[in-house]
1. Could you check, for the stretch 148-159, whether at least one of its residues is outside the structural domain of residue 99 (by TED's automatic domain parsing) and more than 30 Å from residue 53 (Cα to Cα)?
2. Limited to the stretch 184-200, what total is found for residues that are assigned to a loop (DSSP other than H, G, I, E, B) and either surrounded by 19 or more Cβ atoms within 10 Å (Cβ to Cβ) or free of Cβ contacts under 8 Å to residues at least 40 places away in the same chain (or both)?
3. Residue 218 versus (1) more than 29 Å from the chain's Cα centre (by Cα); (2) at pLDDT 95 or above: which is the lone unmet condition?
4. Could you count how many residues in the stretch 100-124 are crowded, with 16+ Cβ neighbours inside 10 Å, under 15 Å from the mean Cα position of the chain (by Cα) and assigned to a loop (DSSP other than H, G, I, E, B)?
5. Can residue 131 be described as at pLDDT 95 or above and buried (at least 17 other Cβ atoms within 10 Å of the Cβ)?
6. Taking residue 163 as the residue in question, decide whether it is touching a strand residue (DSSP E or B) at 6+ places or on another chain (Cβ under 6 Å), part of a loop (DSSP other than H, G, I, E, B), loosely packed, with under 15 Cβ neighbours inside 10 Å and modelled with pLDDT of 95 or more.
7. Out of contact with any strand residue (DSSP E or B) (no Cβ under 6 Å at 6 or more places or on another chain) and under 17 Å from residue 48 (Cβ atoms): which single residue out of 66, 105, 98 fits that description?
8. Being farther than 26 Å from residue 123 by Cβ and in contact with a strand residue (DSSP E or B) (Cβ under 9 Å, 6 or more places away or on another chain) is true for just one of 156, 205, 134, 215. Which residue is that?
């Protein structure tokens, strides 16, 4: 059996908590005093999605904590949350996290030790290079123009349009980098647009150029 050994102390700085004030008389009376059991800690909060690189922001991050109705507090300013500091949120609620921000959360409950702090940083993924055109817009006396569309990001997919709509990762004609597309610009002009995308990276900016037909060749 574990028994606390008590020593006299004349230090004016010696402090006793309420538990000690109850245990000391018992020990002096000859009773065995068992060590106080450590409190069970609340499970640490979970983030979904977890921190990492993302192509779009803000990210909507769900914060959950296991157990029976624990309270959760979170921060986005780099400080550590505690049972008295941070924004209070219900388990299962969603937090909007901007690019480059670190989300921290702690769970706590009366009768339990506070959880460890869960921390995750959300960063913007690298961006796919903007496609290039060759020639990059022109006025010509030719009724057709062959334009080479390229992207320097290896493995990226390119989509282009000629109807003035904006290409996206789901809209536009797919073309292999370095390939030519033949367009037939009218006198009023034609706008060629292209963008590139790749899984795990941020979509490129949209490249745009105008092509005109002029019987005089622009002279």
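1. Filtering the stretch 148-159 down to residues outside the structural domain of residue 99 (by TED's automatic domain parsing) leaves 148-159.
If we keep only those that are more than 30 Å from residue 53 (Cα to Cα) as well, we get 148.
Taking every residue of the stretch 148-159 in turn, at least one turns out to be outside the structural domain of residue 99 (by TED's automatic domain parsing) and more than 30 Å from residue 53 (Cα to Cα).
2. Start the filter on the stretch 184-200 by keeping residues that are assigned to a loop (DSSP other than H, G, I, E, B), which leaves 184-189, 198-200.
With either surrounded by 19 or more Cβ atoms within 10 Å (Cβ to Cβ) or free of Cβ contacts under 8 Å to residues at least 40 places away in the same chain (or both) added as a condition, the list becomes 185-189, 198-199.
The total comes to 7.
3. For residue 218, the exception is condition (2).
4. Looking only at that region, the number is 1.
5. yes
6. On the way: touching a strand residue (DSSP E or B) at 6+ places or on another chain (Cβ under 6 Å): no; part of a loop (DSSP other than H, G, I, E, B): yes; loosely packed, with under 15 Cβ neighbours inside 10 Å: yes; modelled with pLDDT of 95 or more: yes.
Here the answer is no, as residue 163 does not meet what is asked.
7. After ruling out the rest, the residue left standing is 66.
8. Working: 156 fails: farther than 26 Å from residue 123 by Cβ; 205 fails: farther than 26 Å from residue 123 by Cβ; 215 fails: in contact with a strand residue (DSSP E or B) (Cβ under 9 Å, 6 or more places away or on another chain).
Sole residue among the options that is farther than 26 Å from residue 123 by Cβ and in contact with a strand residue (DSSP E or B) (Cβ under 9 Å, 6 or more places away or on another chain): 134.
The values are calculated or read from the model by the stated rules, or taken from the named source; none is laboratory data. A quick note: this is a predicted structure, and the numbers were derived from the prediction, not measured. FYI the Cβ positions are ideal-geometry reconstructions off the backbone, even for glycines, and counts take in every protein chain you see.
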